[in-house]
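Enquirer: To start, I am sharing the structure in question, which I have written as structure tokens.
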Amino acid sequence: MRKPLLAALALVMFVSACGAVRESRLNPFNWFQRSETVAVDPVTQKPEDPRPLAQQIIDLKVEPAPGGAIIRATALPPTQGWWDAELVKRGDDQNGARIYDFRMSAPKTQAGVSTPRSRQITAAVFLTTRQLQEITSITVQAATNGMTSRR
């Protein structure tokens with residue numbers, strides 16, 4: 001009777017100690033906060049990529065992955081049929097801020113509008129743990145808005 005009781009008590013004490021890790025910077029789920037909408041930062045020089053910017057960013061997530069994190073952004077183009085979406089890094093990082101442009105190719109033929117959900121397009125990029133050490137905020141820009149996720 002004493003051994004199961006002691007084992008249960010030890011287990012409860014061990015699990016309760018895990019609460020401190022939940023708020024810790026060691027926990028990969030705490031690396032970046034929820035994203036927020038920011039004003040558009042205009043492009044000061046002609047981009048090398050000829051694809052236009054997405055019209056609007058509707059979601060930005062930084063998801064922990066083995067060896068780093070996946071930056072995943074969802075855009076809402078004006079019509080269906082947009083393709084070849086990519087997050088293109090804009091210049092060098094400045095003060096720990098990394099900026100990506102959400103670029104995609106226009107449809108080859110005229111396309112319908114339909115529902116917003118059917119027009120959503122997602123692009124992602126992987127950042128290694130080493131790259132993330134120097135980054136404090138990640139911003140994804142579109143033509144009308146941008147979204148930022150900060151540490």
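Enquirer: Looking at (1) in contact (Cβ under 8 Å) with a residue 12 or more places away in the chain; (2) at positive phi, which is the only condition residue 91 fails?
Expert: All conditions pass for residue 91, except number (1).
Enquirer: Consider only pairs whose beta carbons are under 9 Å apart and that are at least six residues apart or on different chains; among these, list those whose first residue lies in the stretch 51-69 and is on the phi > 0 side of the Ramachandran plot and whose second residue is part of a strand (DSSP E or B) and surrounded by fewer than 16 Cβ atoms within 10 Å (Cβ to Cβ).
Expert: Going by the 9 Å Cβ cut-off, the qualifying pairs are 67/126; 67/128; 68/126; 68/128.
Read-outs throughout are calculated quantities, based only on the coordinates presented, and are distinct from any laboratory measurement. Everything quoted here is computed from the prediction, not taken from an experiment. Using ideal geometry, Cβ is built from the backbone for each residue, glycine included, and neighbour counts are taken over all protein chains shown.
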